[in-house]
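Peer 1: First the structure, which I've put down as structure tokens, then a few questions once you've had a look.
The values are calculated or read from the model by the stated rules, or taken from the named source; none is laboratory data. None of the values given here were measured: they were computed from a predicted structure. Neighbour counts are summed over all protein chains in view; Cβ atoms, including those assigned to glycine, are modelled from backbone coordinates with ideal geometry.
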Amino acid sequence: MFNLKEIIRPNVLKMKAYSSARDEFKGTAEVFLDANENNLGSLAGENYNRYPDPQQKALKSRIAEIKGVRPEQIFLGNGSDEAIDLLFRMVCTPGQDSMLHLPPTYGMYEVSANLNDVQLDAVQLTSDFQIPVKEVLASIKPTTKLLFICSPNNPTGNLIEPESIETLLDNFDGLIVLDEAYADFANAGSWTKRLDEFPNLVILQTFSKAWGMAGLRLGLAFASEEIISFLNKIKPPYNINEATQKLALQALQHTEGLCDMVEEIVQERELLMLALPGLATVEKVYPSDANFILIKVKDADGLYNYLLDKGIVVRNRSTIKGCEGCLRISVGTLEENQQLLQAISEFR
Ligand code: PMP
């Protein structure tokens with residue numbers, strides 16, 4: 001049986017959330033002399049001399065509306081990379097606990113495990129990049145606190161079968177971190193609808209991909225109110241800066257453009273999927289539900305360097321186990337994709 005209190009680190013269980021004088025203060029005031037800010041103003045203009053809202057209330061309330069969850073089920077991070085790191089620090093005692101990930105997958109799970117001195121266990125995805133559920137269940141140890149699932153998976157691009165995710169959610173007493181960074185490009189909806197069913201589910205999303213705000217650094221974790229309250233306790237108080245809160249809130253008032261962008265990217269992806277297999281050097285094009293495509297080519301290093309010479313940067317994934325000979329290519333604009341296809345077709 002999953003019991004959150006049993007997996008939270010003992011020191012985190014004891015911690016109180018950081019709270020500023022301004023948080024605690026309930027009345028109205030005009031003179032703020034509590035946070036050692038520069039009350040004369042800011043060289044950056046506006047009200048950037050003031051610390052941002054540590055609880056990001058306005059932003060969370062808008063995100064809750066858009067995503068159909070309660071604000072108390074949302075954690076905001078400085079990119080979802082920050083949420084990944086905080087999840088380790090919330091449940092894994094360094095030098096003692098372990099995590100499980102399913103490569104080939106997003107590299108930050110491993111980086112964060114290493115950084116936090118958490119033992120890294122791995123079960124390789126199958127040849128069609130699905131989860132070997134029995135093997136994963138057999139690899140879970142008493143010390144396994146986190147299991148990372150990325151769907152659509154980076155760098156392979158495919159969605160993970162929902163039945164596998166559900167079986168793991170039902171049979172794992174640690175936290176399952178389901179990374180939906182690329183879910184907006186897939187036609188499968190989000191697991192946020194099922195949050196109330198699974199007390200051990202943490203869903204990651206990001207504004208860096210479909211929403212086009214990678215430079216603002218804004219990532220999300222959705223989970224039970226209890227899990228979110230622990231994340232809020234351990235986060236740096238001002239982790240989402242004022243410019244990000246302001247600009248993201250502005251952008252979220254006008255979401256009409258989002259569908260058009262996603263539609264265009266998906267359409268461009270499908271055009272690439274049609275064109276790439278016809279090129280002599282391309283051996284395999286993996287199906288994609290994301291905004292990138294994994295391709296297997298005859299000479300990955302050669303093509304990678306050739307494209308660099310042409311001023312086109314893609315990601316060489318050929319040294320990763322399970323992705324031998326593969327390049328990962330983000331879907332660009334129509335013009336960029338044509339440039340890419342032209343360059344690949346000229347490679348000898
Ligand atoms: N998860 C996955 C699967 C990703 O590919 C990325 C970014 N490459 C992230 C999370 C991190 O996104 P963010 O910009 O929100 O830190």
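Peer 1: Yes or no: the range 207-220 includes at least one residue that is under 22 Å from HIS101 (Cα atoms) and more than 11 Å from the ligand (Cβ to nearest atom).
Peer 2: There is no residue in the range 207-220 that is under 22 Å from HIS101 (Cα atoms) and more than 11 Å from the ligand (Cβ to nearest atom).
Peer 1: Name the pairs whose Cβ atoms lie under 9 Å apart, with the first residue in the range 314-330 and within 12 Å of TYR286 (Cα to Cα) and of a type in the set (D, E, K, R), the second at pLDDT 95 or above and outside any loop (DSSP other than H, G, I, E, B), and 6 or more positions between them or separate chains?
Peer 2: ARG328/PHE292; ARG328/ILE293; ARG328/LEU294; ARG328/ILE295; ARG328/ARG315; ARG328/ASN316
Peer 1: List the residue pairs whose Cβ atoms are under 7 Å apart, where the first residue sits in the range 7-20 and is farther than 18 Å from THR144 by Cα, the second is outside any helix (DSSP H, G or I), and the two are 6 or more positions apart or on different chains.
Peer 2: TYR18/PRO237; SER20/ALA35; SER20/PRO54; SER20/PRO237
Peer 1: Restricting to the range 179-200, what's the tally of residues that are within 16 Å of the ligand (Cβ to nearest atom) and modelled with pLDDT of 95 or more?
Peer 2: Summing the residues that are within 16 Å of the ligand (Cβ to nearest atom) and modelled with pLDDT of 95 or more in the range 179-200 gives 11.
Peer 1: Give, as residue ranges, the helices (runs of 4 or more DSSP H) completely inside the range 1-50 that count at least 1 residues that are over 21 Å from ASN239 (Cα atoms).
Peer 2: Helices (runs of 4 or more DSSP H) meeting the threshold: 4-7, 10-14.
Peer 1: Determine which member of the set ILE176, ILE160 is more than 10 Å from the ligand (Cβ to nearest atom), assigned to a strand (DSSP E or B) and surrounded by 16 or more Cβ atoms within 10 Å (Cβ to Cβ).
Peer 2: Exactly one residue qualifies, and that residue is ILE176.
Peer 1: So, one more: Name the residue that is surrounded by the fewest Cβ atoms within 10 Å (Cβ to Cβ), counting only residues in the range 109-147 that are polar (S, T, N, Q) and over 24 Å from GLY79 (Cβ atoms).
Peer 2: SER127
Peer 1: Let me ask you something else. Restricting to the range 187-196, and then to whatever is of a type outside the set (Ser, Thr, Tyr) and surrounded by 19 or more Cβ atoms within 10 Å (Cβ to Cβ), can you tell me which residue is nearest to GLU226 (Cα to Cα)?
Peer 2: LEU195
Peer 1: Any residue in the range 66-94 that is without any contact (Cβ under 8 Å) to a residue 40 or more places away in the chain and away from the ligand (no atom under 16 Å from the Cβ) sitting within a Cβ distance under 6 Å of a residue that is in a loop (DSSP other than H, G, I, E, B) and not polar (S, T, N, Q)? List the pairs, counting only those 6 or more apart or interchain.
Peer 2: So the pair list comes out as PRO94/ASP117.
Condition check ((1) within 13 Å of the ligand (Cβ to nearest atom); (2) modelled with pLDDT under 95; (3) within 14 Å of the chain's Cα centre (by Cα)) across all residues:
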{"position": "GLN96", "(1), (2), (3)": "no, no, no"}
{"position": "MET108", "(1), (2), (3)": "yes, no, yes"}
{"position": "LEU115", "(1), (2), (3)": "no, no, no"}
{"position": "LYS145", "(1), (2), (3)": "no, no, no"}
{"position": "CYS150", "(1), (2), (3)": "yes, no, yes"}
{"position": "THR156", "(1), (2), (3)": "yes, no, no"}
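Peer 1: Can you name the condition, by its number, that CYS150 falls short on among (1) farther than 14 Å from PHE2 by Cβ; (2) surrounded by fewer than 22 Cβ atoms within 10 Å (Cβ to Cβ)?
Peer 2: Unmet for CYS150, out of (1) farther than 14 Å from PHE2 by Cβ; (2) surrounded by fewer than 22 Cβ atoms within 10 Å (Cβ to Cβ): (2).
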